[in-house]
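The values are calculated or read from the model by the stated rules, or taken from the named source; none is laboratory data. Everything quoted here is computed from the prediction, not taken from an experiment. Here Cβ is always computed from backbone atoms with ideal geometry, including for glycine, and neighbour counts include all displayed protein chains. Remember, those area values only see protein heavy atoms, side chains included, never the ligands or the DNA or RNA. Shrake-Rupley method; radii C 1.70, N 1.55, O 1.52, S 1.80 Å.
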Amino acid sequence: MNVTETTRRFLEFFEDRGHLILPGSSLVPESGDAVLFTTAGMHPLTRYLEGQPHPQGRRLAGVQRCLRTTDLDEVGDNRHLTVFQMLGSWSLGDYDGQQSLRWGVELTTGSLGIGRDRLHATVFGGDEQVGPDVQSRQTWTELGVPVELTTEDNWWSNGPTGPCGPDSEMFVWTGAGTPQGTPSTDERWMELWNHVMMRFRRHADGSLEPLAQRSVDTGMGLERLLMVVQGKPSVFDTDVFAPWISALPSLWQPDQRSLRLLADHLRASIVIIGDGVRPANAGRGYVLRRLLRRVLTLLWRDDSTRTLGDLPTSLFEHTLAQFGQPADSGPVRDVVLSEEQRFAGLLSRGRKVLSQFGSGRPLTEDDLRYLHQTHGLPPDLVTELLS
């Protein structure tokens, strides 16, 4: 199943069960939201999960583009990405979490063709405030899926305050042979689909208040699902990455890890720019700038003549289309090339400034502050220049 067919099967499954399909939202949250980027499929629905009526009903599903920088150092392994798509389903005070789990197994083992013997679940085991999720444990057992109890790993929250609740995660075996161990003891179990029972609101003092409306929020990474249904060893081997993995080696001959980093960061940068963000020294713009600088630093370490201008236009167009963004790639490409020129100028000026400090002497905090305030060289750029 390619990405189009896999997405269609997911959405049609929930549409057949009374869910209205929502269009994806921007990576940039609504004005007034303190979060830099949308990090989960539920983010645009937060106020509805807290109880506000949704104008399109109580059963919803969709595909949402998301961005996470907390896993940036893990990008390049088999399963972590900076920008990804999240398949989601939501019950806003309608059906309960147990129905959600039953449908989850029905979909994955049915039209998505994942063997039940490759599944494992984790369930909230309780803490000093909330007891164990006995109902979810019983449901998984009835469905013939083994269960592991955890505490912190199965409690979902949107931050230190706000809606939260126990969650139950579906894992799939990605190793060879018969599944072994449990999700907490063997990393070959990959988290695939999280079902959150949104039951509480956490206050600043840490106390929990039951929500008047109990909701269910689920999220499944599309790229990880493709890895499973297409039988690939990593998300980078799926069809959504095929144009990148095919084109980049002929341009720059990167090793495997560098190839994955380049594909991930460039893809993420295109999507961020596609949602209207521009490079800057703070906030969302700095996230974009950091991603592009990581790409350029990696490219120029081996050959300073490499340029992002060599990227085929088709890569920009493919990425924008995959994430449901406007198809005009020209403005996005212009932003990327402009930032490349700016970074090249900074590197040239920075090397001249750093040469005045003499070789071999470690820079102090005062040195870094001076370089930033006087010459506009942020500490992370100085680190790149000295590496």
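Data table
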| read-out | value |
| --- | --- |
| Residues being farther than 25 Å from Gly159 by Cα, of a type in the set (A, V, I, L, M, F, W, C) and either open to solvent by 50 Å² or more (accessible area, probe 1.4 Å) or under 20 Å from the mean Cα position of the chain (by Cα) (or both) - total across the stretch 1-44 | 6 |
| The stretch 49-93, residues that are without any contact (Cβ under 8 Å) to a residue 60 or more places away in the chain and charged (D, E, K, R) | Arg58, Arg59, Arg68, Asp71, Asp73, Glu74 |
| Identity of the residue in the stretch 296-322, in a loop (DSSP other than H, G, I, E, B) and β-branched (Val, Ile, Thr), that ends up nearest to Val336 (Cα to Cα) | Thr307 |
| Hits in the stretch 178-187 (condition: over 21 Å from the mean Cα position of the chain (by Cα) and open to solvent by less than 60 Å² (accessible area, probe 1.4 Å)) | Pro179, Gly181, Thr182, Asp186 |
| Residue count for the stretch 250-266, restricted to those that are touching a helix residue (DSSP H, G or I) at 6+ places or on another chain (Cβ under 7 Å), open to solvent by 10 Å² or more (accessible area, probe 1.4 Å) and either within 17 Å of Phe343 (Cα to Cα) or basic (Lys, Arg) (or both) | 1 |
| Answer from Asp73, Asp94, Asp77 - the residue that is open to solvent by 10 Å² or more (accessible area, probe 1.4 Å), out of contact with any helix residue (DSSP H, G or I) (no Cβ under 6 Å at 6 or more places or on another chain) and assigned to a helix (DSSP H, G or I) | Asp73 |
| Filtered residue count, the stretch 244-273, keeping only those that are free of Cβ contacts under 8 Å to residues at least 40 places away in the same chain and not in a helix (DSSP H, G or I) | 2 |
| Criterion: surrounded by fewer than 18 Cβ atoms within 10 Å (Cβ to Cβ), touching a residue at least 24 places away in the same chain (Cβ under 8 Å) and in contact with a Pro (Cβ under 8 Å, 6 or more places away or on another chain) - qualifying residue of Gly309, Gly324, Gly276 | Gly324 |
| Scan of the stretch 162-192 for residues that are of a type in the set (Gly, Ala, Ser), outside any strand (DSSP E or B) and touching a Ser or Thr at 6+ places or on another chain (Cβ under 7 Å), ordered by number | Ser184 |
| Boolean, Gly358 is modelled with pLDDT under 85, surrounded by 15 or more Cβ atoms within 10 Å (Cβ to Cβ) and of a type in the set (Gly, Ala, Ser) | no |
| Qualifying residues in the stretch 25-68 (those that are charged (D, E, K, R) and modelled with pLDDT of 90 or more) - the one farthest from Gly221 (Cα to Cα) | Arg58 |
| Residue pairs meeting the criteria (Cβ under 7 Å; at least 6 apart or on separate chains; first more than 17 Å from Glu152 (Cα to Cα) and in contact (Cβ under 8 Å) with a residue 60 or more places away in the chain, in the stretch 174-188; second of a type in the set (D, E, K, R) and part of a loop (DSSP other than H, G, I, E, B)) | Thr174/Arg188 |
| Boolean, Gly57 is farther than 19 Å from Val295 by Cα and assigned to a strand (DSSP E or B) | no |
| Odd one out for Val145, checked against (1) more than 23 Å from the chain's Cα centre (by Cα); (2) in a strand (DSSP E or B) | (2) |
| Test result for Asp334, surrounded by fewer than 16 Cβ atoms within 10 Å (Cβ to Cβ), assigned to a helix (DSSP H, G or I) and more than 22 Å from the chain's Cα centre (by Cα) | yes |
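So that you can scan it fast, the table gives a plain yes or no per residue for (1) surrounded by 18 or more Cβ atoms within 10 Å (Cβ to Cβ); (2) in a strand (DSSP E or B):
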position: Arg65; (1), (2): yes, yes
position: Trp90; (1), (2): yes, yes
position: Gln99; (1), (2): no, no
position: Leu107; (1), (2): yes, no
position: Ser111; (1), (2): no, no
position: Asp127; (1), (2): no, no
position: Pro132; (1), (2): no, no
position: Ser136; (1), (2): yes, no
position: Thr139; (1), (2): yes, no
